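Notes to accompany the following structure.
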Amino acid sequence: MITKTLTAVLAGLFLSVAACHRDKPAEGPAESAGKKVDNAADETKEAAKEAKEETKEAAGDAKDATKETAKDAKENVKKKTD
């Protein structure tokens with residue numbers, strides 16, 4: 001009698017555990033919010049990298065334009081003093 005009862009209880013426990021087992025644990029609200037924060041941080045980081053490159057390129061363009069303007073000004077002064 002005890003063996004049958006123990007077997008039934010163990011079988012019930014086994015089936016309960018097997019039925020509740022998931023390959024991936026359930027995601028709670030804090031984990032979901034954390035993932036959203038992580039994604040936002042990644043997007044912000046990528047946008048900052050892009051802005052850095054665009055700023056670097058714009059600074060290079062400004063440098064080139066300044067050199068060209070200085071060269072033109074130097075030539076104009078030379079023409080007027082000759």
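We did not get these values from a lab; they are worked out from the coordinates using the rules stated. Since the model is a prediction, treat every value here as computed from it, not as a measurement. Using ideal geometry, Cβ is built from the backbone for each residue, glycine included, and neighbour counts are taken over all protein chains shown.
Observations
- Label-to-label distance, nm, for residues given as A58 and N76 (7 Å Cα→Cβ offset): 2.6
- Count Lys and Arg as plus one, Asp and Glu as minus one, and take only other residues whose Cβ is under 15 Å from that of D38; the net charge is then -2.
- Fraction of the pair-distance distribution of the range 39-82 above 15 Å, Cα-Cα pairs, percent: 63
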